Amino acid sequence: MTLVVRRLDIAEARARFDELARLRIAVFRDYPYLYEGDAAYERRYLATYFATDQAAVIGAFDGDRLVGAATAAPLAQHFDAFAQPFAERGLDVATFYYFGESVLLKPYRGQGAGVRFFAEREAAARGFGFGACVFSAVVRPEDHPRRPPDYQPLDGFWRKRGYRPIDGLVTEFSWREIGAAAETPKPMAYWMRRL
């Protein structure tokens, strides 16, 4: 399997919407997100990246098949839930470039796509004149009943990329978990790297 990782222009990203949605649903079904995805939620969420000319959508391809993706957009143009904690702390929301998901199907992991996802989004941030990149990650308790025994948090990977947690900065974002009847808010902690 030879992976090709490249940035998609907005027209291609729109054309591949169904593939992006299926990929997010498949990968986020696993712990720690436990996401019970649906097309309506995906349409709402991914619209954020199609609404700004400063978004970045990166794809990982096996031939023409999309097997991984990463997204980013200005924090000020993302969902308010992600920007509000920064504004409440007196931080200039307009200076941050927000990384959405990095999703990759399991058979393709460990081949460098995750590193490229970060590098490509950081390059986009620099190109758009941003001074810092941030992302949020769901916070689950150590004793969560659905935590697999072999679960490895991504903290070490993120630290190797130069990201650090932003102490005390947390938001909530809602989605429907596997088996749940409705969306519920989940705590999300922030990580940041200055460029």
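Overview of results
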| item | result |
| --- | --- |
| Every pair of residues 6+ apart whose Cβ atoms lie under 6 Å, when the first sits in the stretch 1-12 and is closer than 22 Å to residue 112 by Cα while the second is of a type outside the set (S, T, N, Q) and assigned to a strand (DSSP E or B) | 1/62; 3/60; 4/61; 5/60; 7/58; 8/57; 8/59 |
| Test: residue in the stretch 139-151 that is hydroxyl-bearing (Ser, Thr, Tyr), open to solvent by 40 Å² or more (accessible area, probe 1.4 Å) and not in a loop (DSSP other than H, G, I, E, B) | no |
| Any chance residue 71 is touching a Phe, Trp or Tyr at 6+ places or on another chain (Cβ under 7 Å), β-branched (Val, Ile, Thr) and within 30 Å of residue 179 (Cβ to Cβ) | yes |
| Test: residue in the stretch 113-124 that is open to solvent by less than 60 Å² (accessible area, probe 1.4 Å), outside any loop (DSSP other than H, G, I, E, B), of a type in the set (A, V, I, L, M) and free of Cβ contacts under 8 Å to residues at least 40 places away in the same chain | yes |
| Which listed residue, of 46, 3, 34, is open to solvent by less than 50 Å² (accessible area, probe 1.4 Å) and either within 20 Å of residue 123 (Cβ to Cβ) or in contact with a His (Cβ under 8 Å, 6 or more places away or on another chain) (or both) | 3 |
| Subset of the stretch 162-180 [under 15 Å from the mean Cα position of the chain (by Cα) and either among the aromatic types (Phe, Trp, Tyr) or part of a loop (DSSP other than H, G, I, E, B) (or both)] | 163, 173, 175 |
| For residue 97: the one exception among (1) part of a loop (DSSP other than H, G, I, E, B); (2) open to solvent by less than 20 Å² (accessible area, probe 1.4 Å); (3) not acidic (Asp, Glu) | (1) |
| Condition check for residue 90: farther than 19 Å from residue 158 by Cα and assigned to a loop (DSSP other than H, G, I, E, B) | yes |
| Hits in the stretch 59-78 (condition: under 22 Å from residue 95 (Cβ atoms) and either β-branched (Val, Ile, Thr) or surrounded by fewer than 14 Cβ atoms within 10 Å (Cβ to Cβ) (or both)) | 71 |
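The values are calculated or read from the model by the stated rules, or taken from the named source; none is laboratory data. Just so it is clear, the structure is predicted and the values come from calculations on it, not from any experiment. When we count neighbours, we look across all protein chains shown, and the Cβ atoms used for this are built from the backbone with ideal geometry, even at glycine. Note: accessible area is taken over every heavy atom of the protein model, side chains too, but ligands, DNA and RNA are not part of it. Shrake-Rupley method; radii C 1.70, N 1.55, O 1.52, S 1.80 Å.
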